[in-house]
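Colleague: Here it is, the structure in full.
Bear in mind these aren't lab numbers, they're just calculated from the coordinates by the rules spelled out. As the structure is a prediction and not an experimental result, all values here were calculated from the model. Every residue, glycine as well, gets a Cβ built from its backbone with ideal geometry; the counts of neighbours run over all protein chains shown.
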Amino acid sequence: MTNRNHSVEKTLKIIEALAQSSTPLRLSELSKMVSMPASTVLRMAKTLVCMGYAYQEEEEPCRYGLTMRFLKIGQMAAAHFSIRDIAHPYLGQISQVTGESCCLAIEDHHKVRYIDVIEGRGNMITIRQQVGHSGKMHCTGSGKLFLMQYTEEELDRYIEDAGLLSLTPHTITTKKDLQYELKECKERGYAIDDEECEIGMRCIAVPVYDVMDRVCAAISISGPISRMSKLLYETEFAPLLCSIADKVTTKITGACDDTQDEE
């Protein structure tokens with residue numbers, strides 16, 4: 001990949017190493033962790049100290065640690081952060097390509113809360129999802145994605161709190177069946193609502209992850225089963241949605257591809 005500044009990359013690796021350590025690090029320890037010469041690490045560490053992003057202990061052998069200035073930057077970034085703003089352009093792309101309605105949802109007190117919805121072009125069917133509306137978790141594609149990361153104790157609390165209400169003959173209504181479904185979702189990387197909320201309607205949802213590798217949002221498309229066949233959503237819609245979700249996740253987490261060629 002071109003346009004990469006190696007000095008910036010090295011500095012960021014030093015910052016990440018310091019952040020991962022529970023205690024300040026000696027120069028030799030830091031140099032070993034980042035696989036760089038001690039002279040290079042010293043130069044960059046001193047720059048971080050001068051800029052107020054790191055401190056250097058006075059006692060010998062001196063050690064380096066990060067200051068709370070990074071927390072201030074994180075707080076400022078969080079104040080302007082919006083999953084909806086990041087995902088919205090992609091929802092439009094998905095709806096344009098598939099012709100179906102596309103939604104962005106988050107988890108909200110054992111419910112799915114829809115925070116963005118784009119209706120498919122020429123869609124004559126009114127979908128249930130509307131911005132601000134909520135849905136059950138056990139019978140929606142998006143909800144299953146949040147439930148699949150629950151521990152068994154958390155799942156028990158969810159069932160006790162929300163129940164497994166039957167909305168159609170296809171709705172999952174037992175813990176055993178729900179656990180099996182969540183296992184399937186985790187293995188294939190996406191979730192399906194196959195007429196579980198509404199007869200004649202199908203939904204496929206994919207997870208978006210945060211920096212802690214937890215599902216923080218779900219992107220889904222919904223449409224009538226006459227258009228959303230199993231073959232179509234498995235071969236076309238699922239790969240498209242997973243690709244888009246990866247892009248949104250990358251913008252949230254800042255993940256990068258370390259295998260790319262350097263200059």
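Colleague: Quick one: net charge of Met51's neighbours, Cβ under 15 Å, K/R +1, D/E -1?
Modeller: In short, +4.
Colleague: Radius of gyration and Dmax for the range 162-258's Cα atoms, expressed in Å?
Modeller: Using the Cα atoms of the range 162-258, the pair Rg, Dmax is 14.8, 48 Å.
Colleague: Hey, what number do you get for the chain at 222 nm if only DSSP H runs of n ≥ 4 count, each worth -39500 (n - 2.57), divided across all residues, to the nearest 500?
Modeller: Counting only the DSSP helices, I get -13000 deg cm²/dmol.
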